[in-house]
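Structure first, commentary second.
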Amino acid sequence: MHLDLIDIGVNLAHGRFRSDLPQVIERAQAAGVQRMIATGTSVQASLEARALAERYPGEIYATAGVHPHHARLWDGSVAETLRELAASASVVAIGECGLDYDRDFSPRDAQRRAFAAQLALSGAVGLPVFLHERAAHADFTAILREHAREVSVVVHCFTGERAELDAYLELGAYLGITGWICDDRRGVHLRELVRHIPRERLMIETDAPFLLPPSLRDAVRGRRNEPAYLTHVLEAVAKAVGAETVDVARSTTAAARSLFRLGER
Ligand SMILES: [Zn+2]
């Protein structure tokens, strides 16, 4: 069965892929994950993601952004570098950016500043935004609402509640679902919620090397997630929405191609 999936969020620039990246990509493609969007979480990671995208044209694309964990490092030169990266053909989105009040690795005012600046940048350069939100829904939607008209966004790794989902859908957001949905404990509520996401707004992602689906915990050495395991997310989503796997494969790929405009590249 040929799936032609797109992993919209995979941290390929992460150190845990340094030693065997070609094999990781080979396994992904053998599993039907033809395309991957390498997440940029800092200037350095964004530069590395773009370098990877240039090495694997048409297979890997990159985002360019500063994760809320690193928001304390935001300044004019960071903004300038992201703007330059955004001009590359292989860079398909701004982000990962947003707010994370769960970890609070950067002060909240610095997080809000970096988030708003990246939304403004995406509006200026005409790219969609790859978003991260943890325990910050009210501030996050307030800032997003100010830019919702100029930008298209995907809220990556959605794990929230119904009211949060409704707010995102009302703002026109796409939603990314990860291996959380495979978790028999903390992912159960998502299996009901995912049915309320219109299929043209629903995408799948691994967030590898993080978030290994629990069913693989004993089988995978070091518990490192990788894009080949996107099929586990696909199957869990298909089961939750009561659809055929191939149909969800098709709709999630179409949604990703549409938001990231991969058809034009
Ligand atoms: Zn994230």
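The values are calculated or read from the model by the stated rules, or taken from the named source; none is laboratory data. Since the structure is predicted, the reported quantities are computational estimates derived from the model, not experimental observations. Every residue, glycine among them, receives a Cβ derived from its backbone with ideal geometry; neighbour counts consider all protein chains shown. Remember, those area values only see protein heavy atoms, side chains included, never the ligands or the DNA or RNA. Shrake-Rupley method; radii C 1.70, N 1.55, O 1.52, S 1.80 Å.
If you wrap segment 224-265 in the convex hull of its Cα atoms and look at it from every side, the mean projected area works out to 3.6 nm².
Think of a 1.4 Å ball rolled over the protein heavy atoms: the chain then has 42 Å² of accessible area per residue. Multiplying the residue separation of Val188 and Ala254 by 0.36 nm and removing their Cα-Cα distance gives an extension gain of 21.2 nm. Using just its DSSP H runs of length 4 or more, each adding -39500 (n - 2.57), the chain gives a mean residue ellipticity at 222 nm of -12000 deg cm²/dmol after division by all residues. With only the Cα atoms considered, the chain has a convex hull volume of 116 Å³ per residue. Subtracting the Cα-Cα distance of Ala243 and Gln44 from their residue separation scaled by 0.36 nm leaves 67.7 nm.
Report the full-extension gain for the segment Glu170 to Ser88: residue separation times 0.36 nm, less the Cα-Cα distance, to one decimal in nm. It would help to have the intermediate numbers written out before the result.
On the way: separation 82, 0.36 × 82 = 29.52 nm, distance 3.10 nm.
Full extension of this stretch gives 26.4 nm more.
Among the protein heavy atoms of the chain, carbon and sulfur supply 47% of the accessible surface, probe 1.4 Å, non-protein parts ignored. Here the convex hull built on the C-alpha positions of segment 91-161 has a volume of 86 cubic angstrom per residue.
Would you mind calculating the relative contact order of segment 159-253 from Cα pairs under 8 angstrom and at least 6 residues apart, reporting the percent as a whole number?
On the way: 123 pairs, mean separation 28.2, N = 95.
The value is 30 percent.
In this simple spin-label approximation, Asp20 and Glu235 carry label points 7 Å from Cα along the Cα→Cβ vector, and these lie 2.0 nm apart. Sites listed here are trypsin sites (Lys or Arg not before Pro) in segment 58-162 whose DSSP assignment is loop and whose Cβ has at most 12 other Cβ atoms within 10 Å: Arg103, Arg149. Where the only charges are on Cβ atoms (+1 Lys, Arg; -1 Asp, Glu), what is the dipole of the chain about its Cα centre, to the nearest 20 debye? Rounded to the nearest 20 debye, it is 240 debye.
For the pair Arg55 and Ala219, a Förster radius of 25 Å applied to the C-beta separation gives a FRET efficiency near 0.30, rounded to the nearest 0.05.
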